[in-house]
Amino acid sequence: MAMTKTCLLFTALALALAETATAVPPDSETVEDSAEVNRPEAALARYAGTWRVVSIEANGETNSDDNRTILVENRPDGSWKLTADGREVASGTNTLDPLAVPKEIDIEITAGDGAGTILRGIYEIDGKSRRLCFRGGNGWRPREFSAAAGSDSVLVVFERQ
């Protein structure tokens, strides 16, 4: 995998892992599960902490030859930083909509690789696991957790540390 492609994947991953407490008015189908669980602040609290990348699939190809340790640190204020083998690669903020189906996230990279880019994606958390699917470079938001060939999507799976 080319270094540029790897850096873009790292940047995309970092953006997806952290979320700000700023909610986006829902513009898609919504569910009214639990008001407490679906508050932006509650969703942010679920993301706080450190998440390790378990797998990255981009446009139908899984990144299985990369033995780096990729971590995203999500701070309580919604900011995040992405590190690869202890070196900071990117940082930024995110906006989420926990009421959308599937849940939506806009990832803004403010420093490092990909600075100035906004990634539109979807996310879900299941216990200590998190999935994020997005398209970069002002692309449209995916509607399912898939990164099939030709989709220009990236699917990242994380594990809470």
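The values are calculated or read from the model by the stated rules, or taken from the named source; none is laboratory data. These figures come from a predicted structure and were not determined experimentally. Please note: Cβ atoms are built from the backbone with ideal geometry, for glycine as well, and neighbour counts cover all protein chains shown.
Structure notes:
- With respect to (1) part of a loop (DSSP other than H, G, I, E, B); (2) of a type in the set (A, V, I, L, M); (3) modelled with pLDDT of 85 or more, the lone exception for A35 is condition (3).
- Count of residues meeting criterion [at pLDDT 90 or above, within 16 Å of E159 (Cβ to Cβ) and outside any strand (DSSP E or B)] in the stretch 56-103: 1
- Inter-residue pairs, beta-carbon under 6 Å, first under 16 Å from D126 (Cα atoms) and in the stretch 41-65, second part of a helix (DSSP H, G or I) and modelled with pLDDT under 80, 6+ apart: W51/L17; V53/L13
- Considering residues of the stretch 96-129 that are in contact with a Lys or Arg (Cβ under 6 Å, 6 or more places away or on another chain), closer than 17 Å to R141 by Cβ and in contact (Cβ under 8 Å) with a residue 24 or more places away in the chain only, the residue surrounded by the most Cβ atoms within 10 Å (Cβ to Cβ): Y123
- Residue within the stretch 145-152 that is part of a strand (DSSP E or B) and either more than 15 Å from S55 (Cα to Cα) or not polar (S, T, N, Q) (or both) present: no
- Filter result (of a type in the set (S, T, Y) and either assigned to a helix (DSSP H, G or I) or in contact with a Leu (Cβ under 7 Å, 6 or more places away or on another chain) (or both)) within the stretch 38-55: Y47, T50
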